[in-house]
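Notes to accompany the following structure.
The values are calculated or read from the model by the stated rules, or taken from the named source; none is laboratory data. All figures in this text were calculated on a predicted structure; none of them were measured in a lab. Counting neighbours? That spans all protein chains shown, and the Cβs are built from the backbone with ideal geometry, glycine included.
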Amino acid sequence: MSTAINVVQGLAKIFELREAIRHQRRVNRQTYLQLTEIHVELQLLERSGPLPDNAVLRRNATVNKFALAVHNFAQYLQTYNDLNRFIRLFKRSEMENERQLIVAEIDQLFRMLGLATSVTVMDGNASAAKSAAKLLSKLEDVHADVKLTHDQVQAALLQLVEKRKNDEAEKELVAQKPVLKRSSAPAVNNYSVPLIMETLASRQAAEKEQTLLALIRKCVTSNSRVQVYQADGIRTFSRLIREGNSFYTELYALHCLSWFTFIYSKMSDSDFEVLRGCIREAAQPEIQSLLRDLQYGDEQEKEDASILCSCLATRGEGDRLRNAGVLSPLVALLLNGTANQKLWSAESLGTMASNNDENCVAIAREGAIPPLVALLRSGTDMQKQEAAYALGNLAADNDENRATISREGAIPPLVAFVKAVTDAQNQWAVYALGALSLNNEANRVAIAQEGITLEGAIAPLVKLLQTGTDAQKQWRSYALGNLACDNSAIAAAIELDDAILPLVDLVRTGSDAQKQEAAYTLGNLAASSEDNRDEIGRDGAIAPLIELLRVGNNDQQHWAAYALGCIAHNSDANRAAIVDEGGLPSLVTLVLSGADEQKAQALRTLGNLARADDKNSKVVFPSDEVIMPLMEFLRFGTTAQKANAAAALRKLASSNDDNCEAIVRDGAIPLLEGLVNTGNDTQKQSGLDALEKLRPHPISNDLASVGGFLRSVAVSLVAI
């Protein structure tokens, strides 16, 4: 049977089975259409007339390789279609690996086809083939509501390709331009940002990709991005993604939207995440092509590849990019690239490092920190912004990176950038300062010293708590909280700069992230001085913190409990306010059902509320409101809840004698003994600790046996 017949039959079989494997329907349909397009292009080449001998050889090689790819894909679909669905569930990984190999073969076919058709271009005959994605979008537009057969699909595609080629030839004849200069990209690259946006709104699908890339190349200043926003950029980019354009068009549009989500706070995180979910993952050949351009491309190709790398990282492909090997060439561009290559490489590395510990370690290991600090010292404002973003992400959860970044001298230029720039750009410098100050007293002191006076370092941060964008407020809260941690001098400077009122307002009305960071900062400020605690209480922080404790997410509840515990410490007025505002039930709930960190903070807060260090204190702690529900859980709760209740009772017993008496009077002793007898080691220890605290208060007959009971349990634990 001839190769041509085998190909036709193979394509028909693929068409029949393209949607048979449910979880691969979308990608298998795309692969089928790509193969069909190659078939069309080969047919057009056959009609274009005689070719030189070497071109014939290359075309024959392409045909043979194409026939093999069709055979392999048809066999793949048939094999897994015949396989039991239940068995397919356990072979998904194997199936995907096999499919990726076939896709890689098809990618190579496009390159081979490009070699063959380049000869015909030079001879002035048929044009070079376009990429599959651009043709597919047109084909799907024409036949959106029709269920086609394979022959109809091929005929429609052939008609589209021939029409496109005829239209292009006619345009070139009128313009009297050589065939090789048909690309419209250079003209678009010379447009202003507003004109590119206007052009983008009217471009055909095949041209939007290059127009968007030209736009991103232009947007290397804050002003140019503002122009994009003013030209209704958010709506334009959102529409491009929802309409289902080519992969790269959607990817570039998403990247533009990231500016208005994470820098300018003009688009909500949730809306951005919905659009991100609309874009498919990059195919392995697409990532391999990007890597080749990063390593071996000319200057423009390297710049475009670094842009694409950042776009893919924004899409969430950071791990795959690292595994593909992009870090080394990105760092090389950061060291020795052009100005734009440095900008986009810094942005790529920063995005890859975001919330990814493994990438942070790998990026630092590749030597990215010194050139990022150098860019921070001498780059443009936009380069400094991206360098600060990358350094902040590298420092966020990595003590070693924090120390390295500080040693490389990042703190002085970061502080200088915060003080020199007043728009959205400096928020990443603030974020980086906050990350560097986390769990690092030396860095906190160095940051404060860079301000000449503490007020000089803190004032720019405090100012934008009141007037900045949502993102600026969030990161300034984060930075101020880290700076104030265990540093009374910095905390005093923050208080003097009137930061407390805007922080309280953020807890009350801010975004989820702002509420969390503001609660954390208020807790650190309260922990640093009695004056701050009093000021925070007077400025109305307690009620919104209790509301956050009641309805917030896990992190918000954790930091709200932390802040309330700090505010309650040695402050009668604040203790009374927390009780009056209804804080006790939420704290008890957190003790019984919260995560370990939440429980620890809630226990600490209950202890501070119950403690009466000043014997003249007039605050009466309503023990019954806390002890009674804890006793109920000690009686009827799960084993874990009983252990948590025991820990809370121990904390309350440690606070004052009245609580001890109330706990024993309510019958805690036998219940705690039962927990020690039946719980696991951790739960037994909770019961033992509580009993140990109650032991010095012999106010009931139960206590007579406590000492002997404790000794017997201790012996049994040792024996175990």
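For this structure, a couple of remarks:
For (1) at pLDDT 95 or above; (2) not in a helix (DSSP H, G or I), each residue gets a yes or a no:
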site	(1), (2)
Met352	yes, no
Val361	yes, no
Pro371	yes, no
Ser406	no, no
Gly409	no, yes
Leu414	no, no
Gln427	no, no
Leu436	no, no
Ala459	no, no
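- Close pairs from the stretch 680-691: first more than 12 Å from Ala668 (Cβ to Cβ) and at pLDDT 80 or above, partner surrounded by 20 or more Cβ atoms within 10 Å (Cβ to Cβ) and among the hydrophobic types (A, V, I, L, M, F, W, C), Cβ under 7 Å, at least 6 apart: Lys684/Val676; Leu688/Val676
- Answer residue from the stretch 250-301, given it is assigned to a helix (DSSP H, G or I) and of a type in the set (S, T, N, Q) and is surrounded by the most Cβ atoms within 10 Å (Cβ to Cβ) among those: Thr261
- Qualifying residue in the stretch 55-64 (condition: of a type outside the set (Lys, Arg), more than 38 Å from the chain's Cα centre (by Cα) and modelled with pLDDT of 75 or more): yes
- Hits in the stretch 239-249 - residues which are crowded, with 21+ Cβ neighbours inside 10 Å and over 19 Å from Ala283 (Cβ atoms): Leu240
- Selection of the stretch 494-516 for residues being of a type in the set (A, V, I, L, M) and not in a helix (DSSP H, G or I) yields only Ala499.
- Of all residues in the stretch 382-400 being closer than 17 Å to Phe262 by Cβ and surrounded by fewer than 24 Cβ atoms within 10 Å (Cβ to Cβ), the one that is modelled with the highest pLDDT: Met382
For every residue, the table says whether it meets (1) on the phi > 0 side of the Ramachandran plot; (2) in a helix (DSSP H, G or I); (3) out of contact with any helix residue (DSSP H, G or I) (no Cβ under 8 Å at 6 or more places or on another chain); (4) crowded, with 24+ Cβ neighbours inside 10 Å.
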site: Ala518; (1), (2), (3), (4): no, yes, no, yes
site: Asp531; (1), (2), (3), (4): no, yes, no, no
site: Asp534; (1), (2), (3), (4): no, yes, no, no
site: Leu545; (1), (2), (3), (4): no, yes, no, yes
site: Leu548; (1), (2), (3), (4): no, yes, no, yes
site: Ala561; (1), (2), (3), (4): no, yes, no, yes
site: Gly565; (1), (2), (3), (4): no, yes, no, yes
site: Asn570; (1), (2), (3), (4): yes, no, no, no
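- Scoring Ser306 on the criteria (1) small (Gly, Ala, Ser); (2) closer than 24 Å to Ile102 by Cα; (3) modelled with pLDDT of 95 or more leaves a single failure, condition (2).
- Qualifying residue in the stretch 364-383 (condition: within 18 Å of the chain's Cα centre (by Cα) and on the phi < 0 side of the Ramachandran plot): no
- The stretch 248-280: number of residues that are closer than 19 Å to Lys473 by Cβ and touching a residue at least 60 places away in the same chain (Cβ under 8 Å): 4
- Residue ID - modelled with the lowest pLDDT, chosen from residues in the stretch 66-84 that are touching a Leu at 6+ places or on another chain (Cβ under 8 Å) and surrounded by 16 or more Cβ atoms within 10 Å (Cβ to Cβ): Phe66
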